[in-house]
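S.K.: Handing you a structure now.
The values are calculated or read from the model by the stated rules, or taken from the named source; none is laboratory data. Keep in mind it's a predicted model, so treat the numbers as computed, not measured. In this analysis, Cβ positions are derived from the backbone assuming ideal geometry, glycine residues included, and neighbour counts consider all displayed protein chains. Surface accessibility is based on the protein's heavy atoms, side chains included, excluding ligands, DNA and RNA. Shrake-Rupley method; radii C 1.70, N 1.55, O 1.52, S 1.80 Å.
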Amino acid sequence: MDRRRFVKTAATGAAGSALIAAPAIAQSQPKISWRLTSSYPKSLDTLFGLSTQVAKRVAEATDGNFQIQVFAPGEIVPGLQALDAVQNGTVECSHTLSSFYIGKDPAFAFETSLPFGFNTRQQNAWLYAGGGLELCRAFMKKQGLYTIPSGNTGAQMGGWFRKEIKSLEDLKGLKMRIAGLGGQIMSKLGVVPQQIAGGDIYPALERGTLDAVEFSGPLDDEKLGFQKVAKYYYYPGFWEGNANVSFLVNLEKWNALPAAYKAIVEAACAEANALCVAKYDHGNPDALMRLAGTGAELRPFPQEVMAAAFKEAFAMYADLAAKNAEFKTFYDSFLPYWKKENLWFRVAELPFDAFNAQMSQQMR
């Protein structure tokens, strides 16, 4: 074979292959820019940090071709309008709690948590393995949204109160910041619930517009400064045994993504979920001790408050399931799963935790 003809043919073939391959690569990794609005202020670095963590991983995994710009509440829309902004296309995605939007439909609560419902591990089990996520996505599809679990606070505290709660009577007329179905349950006990975004709670408590607030747990509550204006710190936060944070995406925008980008976003959110739980489990104990050291007085809710709230909660769920088909679909999945999970935890987890707690007290 003529050597010069062979080299020329080979070079032409290589160049042709490059021309064919280049558009394919460009199509599989297009340059995309999204905006994300968070429901959480920047001061809450764990919750706001979910957004920056996901954006960082997505950019790294796509060689910078898929960029997500993160905005705090108020920079585009207020914190409690994050879902609406995704629905109407103002932004492509958000980090928020679905339970903020129970005014649209109480079924939104299930993706976040129900009062007296799952703990964090049980919520993840139901979502990832128990069919819960499929139900959430079918429901969100009707809202023009796609949802991905993307963080969890773990079990929360019962919040900060200006006065002691010694009985049900002490709750009557109490103005309290409390979100989701928990607010509706507390209203049955005489509380006047207020839903206020995280960054706006402290000024309302300081001015006396609120008598009590619940937000999350020690790590976040300390940063928000509630201990400066309310003395009594109650537990447990029975309205949120966990709080799953949703990464909500405009459905049209999600469907338009290449399959590889979808997989990258899902993986980034799964990582953010695991890191979020770890950060709270790591940071809450030290934060609680710091709060106690600066004068916060820990108090358990009276048993009569817990029992009355539990009764009202499950009466409400039964009533909502009878009236609301979407809620019933979720509840029919939730209730037997909740019973099954609690049986397992009662046999294996609770005795272990109780024994360890007892022994740790003796070792002081």
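S.K.: Does region 225-249 hold any residues that are under 18 Å from the mean Cα position of the chain (by Cα) and more than 28 Å from ALA308 (Cβ to Cβ), and which are they?
M.R.: Hits for region 225-249 are VAL245, SER246, PHE247, LEU248, VAL249.
S.K.: Based on this model, can you work out whether ASP211 counts as more than 20 Å from LEU145 (Cβ to Cβ), open to solvent by 30 Å² or more (accessible area, probe 1.4 Å) and of a type in the set (Asp, Glu)?
M.R.: Yes, satisfied.
S.K.: How about region 269-364: which helices (runs of 4 or more DSSP H) wholly inside it have at least 3 residues that are aliphatic (A, V, I, L, M), under 27 Å from ILE185 (Cα atoms) and open to solvent by 40 Å² or more (accessible area, probe 1.4 Å)?
M.R.: Output list reads 303-323, 325-344.
S.K.: Return only the number of the condition from (1) closer than 22 Å to GLU266 by Cβ; (2) touching a Gly at 6+ places or on another chain (Cβ under 8 Å); (3) of a type in the set (S, T, N, Q) that ASN119 does not satisfy.
M.R.: Every condition holds for ASN119 apart from (1).
S.K.: Looking at the structure I just gave you, is TYR101 open to solvent by 30 Å² or more (accessible area, probe 1.4 Å) and hydroxyl-bearing (Ser, Thr, Tyr)?
M.R.: No, not satisfied.
S.K.: Let me ask something else. With the requirement that a residue be under 14 Å from GLY241 (Cα atoms), hydroxyl-bearing (Ser, Thr, Tyr) and assigned to a helix (DSSP H, G or I), what does region 102-141 give you?
M.R.: Listed by number, the residues that qualify are THR112, THR120.
Yes/no per residue for (1) closer than 30 Å to ASP221 by Cβ; (2) outside any loop (DSSP other than H, G, I, E, B); (3) open to solvent by less than 40 Å² (accessible area, probe 1.4 Å):
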{"residue": "LEU36", "(1), (2), (3)": "yes, yes, yes"}
{"residue": "SER43", "(1), (2), (3)": "yes, no, no"}
{"residue": "LEU47", "(1), (2), (3)": "yes, yes, yes"}
{"residue": "THR52", "(1), (2), (3)": "yes, yes, no"}
{"residue": "LYS56", "(1), (2), (3)": "yes, yes, no"}
{"residue": "GLU60", "(1), (2), (3)": "no, yes, no"}
